[in-house]
Amino acid sequence: MKNYKWMLLLCVCLSVLTACNNTDNVQQIFTGKTWKLSVIKYAGTDKECKDYWVEGGAFNQAKFEASNKILTNDKSSFTLEFSGTAIGEEISGKAKGKAYTVSFNDVSWKANGRSNDFSIAIKATTDKDVLATAFLNALSNATSYGGNDGNLYIYFTEGQQSKYMLFHVQR
């Protein structure tokens, strides 16, 4: 009987020590940093989404290169900054950011650390650059997030296609 009690106690201790928390630390993930867009990809793949630069069935290489030049060289473009307060597994607050020529300030956002739901109230959906317009539309259609304090994935849907934006912390 003594062995049975010790084995039961050992099992309980192990289960307590190995139990995991399935809730993200949303405060740590979102706030206190500037997020910079790296790329837009199709969800479930590692394939870069380039359909934004297709015009009349043809890929527009010049516009694609212009977008990537802005993304790479303009440190203030394609950025997001979040502030907010976490209550339990949810966080909400205000965000600011910039596409290319369109900036937004003081827009509401919220995320749930358990379900990974995400939304942001972006009103503007067009900009002078193709990627910047895609960035704004993606934010306005955001559904969920993933990531940690170094990488942020914002998932969105366009028509029937699921995609994601990958962000890194801007240094």
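The values are calculated or read from the model by the stated rules, or taken from the named source; none is laboratory data. Nothing here was measured: the structure is a model prediction, and the numbers come from that model. Positions of Cβ are generated from backbone atoms using ideal geometry, with glycine treated the same way; all protein chains shown enter the neighbour counts. Just the protein is used for accessible areas: all its heavy atoms, side chains included, with ligands, DNA and RNA removed. Shrake-Rupley method; radii C 1.70, N 1.55, O 1.52, S 1.80 Å.
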*Would you mind finding the one in Asp129, Asp149 that is closer than 14 Å to Lys36 by Cα and in contact with a helix residue (DSSP H, G or I) (Cβ under 7 Å, 6 or more places away or on another chain)?*
Asp149
_Let me confirm something: among Ser83, Ser119, Ser77, which residue is modelled with pLDDT of 95 or more and touching a Gly at 6+ places or on another chain (Cβ under 8 Å)?_
Ser83
_If a residue must be closer than 20 Å to Tyr155 by Cα and not polar (S, T, N, Q), how many such residues does segment 54-83 contain?_
5
*Can you confirm whether segment 61-80 contains a residue that is within 19 Å of Gln27 (Cβ to Cβ) and surrounded by fewer than 16 Cβ atoms within 10 Å (Cβ to Cβ)?*
no
*For segment 123-139, enumerate the residues that are in contact with a strand residue (DSSP E or B) (Cβ under 7 Å, 6 or more places away or on another chain) and at pLDDT below 95.*
Ala124
*Restricting attention to segment 147-156, report how many residues are open to solvent by less than 50 Å² (accessible area, probe 1.4 Å) and part of a strand (DSSP E or B).*
4
*Select from segment 26-43 the residues that are in a helix (DSSP H, G or I) and open to solvent by 30 Å² or more (accessible area, probe 1.4 Å) and list them in ascending order.*
Gln27, Gln28
*How about segment 72-84: which of its residues are in contact (Cβ under 8 Å) with a residue 24 or more places away in the chain and either touching a Ser or Thr at 6+ places or on another chain (Cβ under 7 Å) or of a type in the set (Gly, Ala, Ser) (or both)?*
Ser77, Thr79, Glu81, Phe82, Ser83, Gly84
*asked:* Need the failing condition index for Ala124 against (1) touching a helix residue (DSSP H, G or I) at 6+ places or on another chain (Cβ under 6 Å); (2) small (Gly, Ala, Ser); (3) open to solvent by less than 20 Å² (accessible area, probe 1.4 Å), just the number.
replied: (3)
*Looking at Ser76, Ser83, Ser115, Ser92, which one is closer than 20 Å to Gly32 by Cβ and either touching a Pro at 6+ places or on another chain (Cβ under 6 Å) or in a loop (DSSP other than H, G, I, E, B) (or both)?*
Ser76
*Selection within segment 91-121 - open to solvent by 30 Å² or more (accessible area, probe 1.4 Å) and not hydroxyl-bearing (Ser, Thr, Tyr)*: Lys94, Lys96, Lys98, Val102, Asn105, Asp106, Lys110, Arg114, Asn116, Asp117, Ala121
